[in-house]
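Just so it is clear, none of the values below were taken in a lab; they were calculated from the coordinates. Fair warning: this is a prediction, and the values are worked out from it, not measured in the lab. In this analysis, Cβ positions are derived from the backbone assuming ideal geometry, glycine residues included, and neighbour counts consider all displayed protein chains.
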Amino acid sequence: MKLYQIYSILLLFILTLFSSCTDDPSSLGIELIGSERISAKIFDTAVDTTEQTSSYFKKVIPLGNADWILVGKYQDISASSLMRFVFGLPDSLKTDLKAGNINVLDSWIILRTRYVYTDSLAAMNFTVHKVNSAWSSSAFTIDSLSKLNYESNDVSSQFTITDTLYTFHVDGALPLAWMKNTADKTLESNFGIYLDPSQSSNKVVGFQAFNAITAQAAKLFVVIEKPGVYVDTLNGFIAADISLVDRPDIPILPTGLISVQSSVAIESRLTFDLSMVPPGVVINKAEIFITPDTTASIKGSKFTNSLKLSYLKYTDSLNVDGNPSYLYFKNNKYSGDITSFVRNWISTKKNNGILIEAGIPTSGLELFALKGSDCSEVSERPRLQITYTIR
């Protein structure tokens with residue numbers, strides 16, 4: 001009996017000890033509950049009176065890594081493209097090319113449509129010109145176009161246009177010269193072709209661009225003959241392409257709006273005055289919300305509905321630093337996390353604002369019209385919400 005009582009008392013003691021341990025707050029809980037020096041607060045530009053400024057402007061960017069090459073016209077936008085093909089030829093054919101024993105009977109190029117801005121039913125055609133000067137898909141921009149040397153005569157013919165393909169024939173002298181260049185660089189040059197939209201065009205078409213993982217980029221077919229010996233069809237391989245998109249000025253928008261546009265490119269700058277946030281605080285989280293103007297926005301047949309935000313290093317330049325943040329469209333707003341930006345602003349006491357671009361700046365021609373800092377409806381201006389801790 002005594003042994004039973006001892007076991008009961010011991011069991012009760014263990015349960016009481018366990019219960020006491022589980023009821024104790026964690027070290028974090030003790031700090032938050034017991035300390036009068038720590039409190040979480042929210043700074044919200046929709047509630048707290050603070051200044052903000054926004055503006056938009058044009059910036060030229062290279063488009064060599066884009067998913068599509070753009071050709072066409074829409075309003076004051078004009079898009080043209082460069083492309084260059086190369087050949088893999090056997091030594092026997094190289095010998096015949098150098099000896100002048102090869103003729104080109106026919107040649108054509110196929111472009112696969114991937115994107116349309118904006119009216120798919122509108123007309124779009126282009127002329128094709130031999131290029132006589134070097135260009136690079138990594139550095140060439142619309143500002144370089146004035147220095148490009150290309151011939152004025154159109155070397156294209158027999159266009160066939162469907163919803164998914166543009167097919168056109170090219171003067172056989174052109175691929176013959178390119179093949180001779182493959183056989184012997186001293187015989188001919190190969191700087192590719194320039195696709196220039198016709199004045200009657202009223203849309204911009206995006207064709208599949210060259211990259212390492214697609215088999216749908218531009219294709220060149222060449223029918224050759226060695227008289228009296230054989231007729232064969234060869235494939236030219238796309239080696240480089242790039243879009244050249246021109247817009248003379250920034251889009252004219254209603255008062256209170258800013259904008260970003262891919263490819264052109266139009267970008268915006270946004271700055272919040274954070275002087276009301278106490279110094280020395282710990283920034284737990286910062287979210288930004290930007291309201292679009294769907295009426296003024298113009299979108300193509302497919303696009304990524306997001307914005308790209310970058311941390312601006314200086315007040316007098318557009319140099320950015322660190323990794324960008326992305327805002328995605330949800331509940332009629334673009335929203336996302338910019339905690340790292342705000343932490344830097346607070347810790348360094350330097351706030352040069354945010355650069356806003358289209359989610360994929362080199363893809364398509366999407367115009368995102370956004371409610372800016374001067375929007376007449378205060379609740380629709382850009383909003384920054386910061387959760388911070390005061391120690």
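Values computed for the structure shown
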read-out	value
Exposed GluC sites (Glu not before Pro) absent: longest stretch of the chain, with sites in DSSP loops and at most 16 other Cβ within 10 Å deemed exposed	152-376
Over 18 Å (Cα to Cα) - which of Lys147/Lys203; Lys59/Lys299; Lys203/Lys330; Lys180/Lys226; Lys313/Lys333; Lys299/Lys333 fall in this group	Lys147/Lys203; Lys59/Lys299; Lys203/Lys330; Lys313/Lys333
Among beta bridges that DSSP assigns inside the chain, antiparallel share in %, nearest 5	100
Peptides ranked, highest mean first, by Cβ atoms within 10 Å: ranges 317-323, 59-65	59-65, 317-323
Computed lengthening from Ser152 to Thr339, 0.36 nm per intervening residue step minus Cα-Cα distance	62.0 nm
Net charge, Leu89 excluded, C-beta distance under 12 Å - Lys, Arg +1, Asp, Glu -1	-1
Label-point gap, in nm, between Ser39 and Lys350 - each point 7 angstrom along Cα→Cβ	3.3
Distance-filtered residues of region 370-391 - backbone nitrogen under 12 Å, label point 7 angstrom along Asp48 Cα→Cβ	384-390
Region 68-246: mean projected area of Cα convex hull, nm²	10.6
Gain upon complete extension [Gln75, Lys285; 0.36 nm per residue less C-alpha separation]	71.4 nm
Within region 105-120: backbone nitrogen closer than 18 Å to the Ile161 label point (7 Å, Cα to C-beta)	109-120
Residues Lys185, Lys313, sorted so that the one with the fewest Cβ neighbours within 10 Å comes first	Lys185, Lys313
Rounded Å value of the spacing that divides the Cα centres of region 51-111 and region 261-335	32
Net length gained if the chain between Ser136 and Asp184 were fully extended (0.36 nm per residue, minus Cα distance)	15.1 nm
Kyte-Doolittle mean at least 1.0 and Cα axial length at least 20 Å: DSSP H helices in the chain	2-23
Mean residue ellipticity (222 nm) of the chain, computed from DSSP H runs ≥ 4 via -39,500 (n - 2.57), nearest 500	-5000 deg cm²/dmol
